[in-house]
Every structure is written in structure tokens, then in C-alpha cells.
1. Going through the range 32-74 one residue at a time, which ones are farther than 27 Å from LEU22 by Cβ and among the acidic types (Asp, Glu)?
2. Go through the range 77-117 and report how many residues are over 18 Å from THR23 (Cβ atoms), in contact (Cβ under 8 Å) with a residue 60 or more places away in the chain and aliphatic (A, V, I, L, M).
3. Residues that are touching a strand residue (DSSP E or B) at 6+ places or on another chain (Cβ under 6 Å) and under 28 Å from VAL166 (Cα atoms): list the helices (runs of 4 or more DSSP H) wholly contained in the range 59-155 that include at least 2 such residues.
4. Would you check if there is a residue in the range 98-108 being surrounded by 15 or more Cβ atoms within 10 Å (Cβ to Cβ), farther than 21 Å from TYR155 by Cβ and at pLDDT 95 or above?
5. Consider the range 9-51. How many of its residues are closer than 28 Å to ASP100 by Cβ and either in contact with a helix residue (DSSP H, G or I) (Cβ under 7 Å, 6 or more places away or on another chain) or basic (Lys, Arg) (or both)?
6. Would you check which residues across the range 1-36 are small (Gly, Ala, Ser) and not in a loop (DSSP other than H, G, I, E, B) and list them?
Amino acid sequence: MNEILKAIAQRFSCRDFDETALTDAQIKAITDAALAAPSARNIQPWHITIITDKKLIDELDAEGMNVLSAAEDKSVYERVRARGGKLFYNSPCAIVVSSDGSNYADIDSGILSQNVTLAAHSLGLGSVICGMMEIPLSGPYGNEYKKRMQFPDGYDFVIAILIGGVKTAKEPHKLDTGKLTFVK
């Protein structure tokens, strides 16, 4: 099996990171992989914010938990509390993707996210694609956080990818061949 197929097969969603900071070389390799992602008509409708400020990540985490605790439906809050109370799994790095909302921006951002996770895996790092960054960004301080993250005007959150050293590994998910249909 070639290295790319091996990385796809072995990668898993890490939900328990150690606190080791990423090196500048790791961040450059990951951001280069992000920027190499294809997009419809090569519009590249995204903006990528790289957060390595652990205090900001922890602040966003705490604010997200505050937003969840105030929600009418407490099920997500209780689920996160039951698994340790951390939305961002103690990650030392968050890649936050925002977009201009144009056609295919969500799809293009998803492709970018996959590039990031595979690049992180190839560097021996764990990653998880995480939509929960939307929680603090949609809360009462969301616009303030978007300014601190330097979202361009008119850009909104699409997805985040959390990256770091793996504290607890797990097996990749099993392939469900029932999801396949062959038309010959």
C-alpha cells in the first residue's frame, strides 16, 4: 500500500491531545497542505486562522461550555462534561477555516480540512475535524472572537481542525462497505 493510502487508512479522529506545542516546521507543512487544496474554479473561498495561543483555545473552550450550559437542550453539554468537559480536547493548535459563503465554499473547505488532517497524520500528529468551534463563535462574544481571530469582513466560520500530539490513540473507524453502490 502506498504512503497516501496508508495515511488515509490509519488516520483517526483524536479526542485526547497532549500539550506539546507544534513546531514552526510542522505548522508550515500543515498550512502548505491546506493551501494546496483544490477548490471549484480555483476561487479558494477560504481564510485560514492558525491558533497556537493555548490561552485563547482554552478561553474559547470555556466560553463554548458556558454557551452550552445556558442552552435549553442540555444534552450536548452533558455529553461533553461526561467525556472530560473539553470541547477542543486540550489541543495545542486549532486551524479555523472561515469562508466568504460563495458557491461550493463549504465543499472546498471540507477538501482543505481533509488535506490538513492527512498532513498532520503524516507528521505523526493527531487531528480531528471539529464543528464545535461554532459554539463560542455563535455565543454572546462570537463577534469579538471573530475579530481576535482576524476573520476577513464578510467571512463566517465553516470548520475547525484541532491538531496536536496524541495522548490517547484509537483505531480508525471500520469501513462500511454497505455505503457503496457499483453501477457498471
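1. Those that are farther than 27 Å from LEU22 by Cβ and among the acidic types (Asp, Glu): GLU72, ASP73.
2. Summing the residues that are over 18 Å from THR23 (Cβ atoms), in contact (Cβ under 8 Å) with a residue 60 or more places away in the chain and aliphatic (A, V, I, L, M) in the range 77-117 gives 6.
3. Fully inside the range 59-155 and qualifying: 105-122, 134-137.
4. Scanning the range 98-108 turns up no residue that is surrounded by 15 or more Cβ atoms within 10 Å (Cβ to Cβ), farther than 21 Å from TYR155 by Cβ and at pLDDT 95 or above.
5. Matching residues across the range 9-51 total 16.
6. Taking the range 1-36 and keeping what is small (Gly, Ala, Ser), we get 7, 9, 13, 21, 25, 29, 33-34, 36.
Hits for the range 1-36 are ALA7, ALA9, SER13, ALA25, ALA29, ALA33, ALA34.
The values are calculated or read from the model by the stated rules, or taken from the named source; none is laboratory data. Remember, it's a predicted structure, so these values are computed and weren't measured experimentally. Cβ atoms come from the backbone with ideal geometry, glycine included; neighbour counts cover every protein chain shown.
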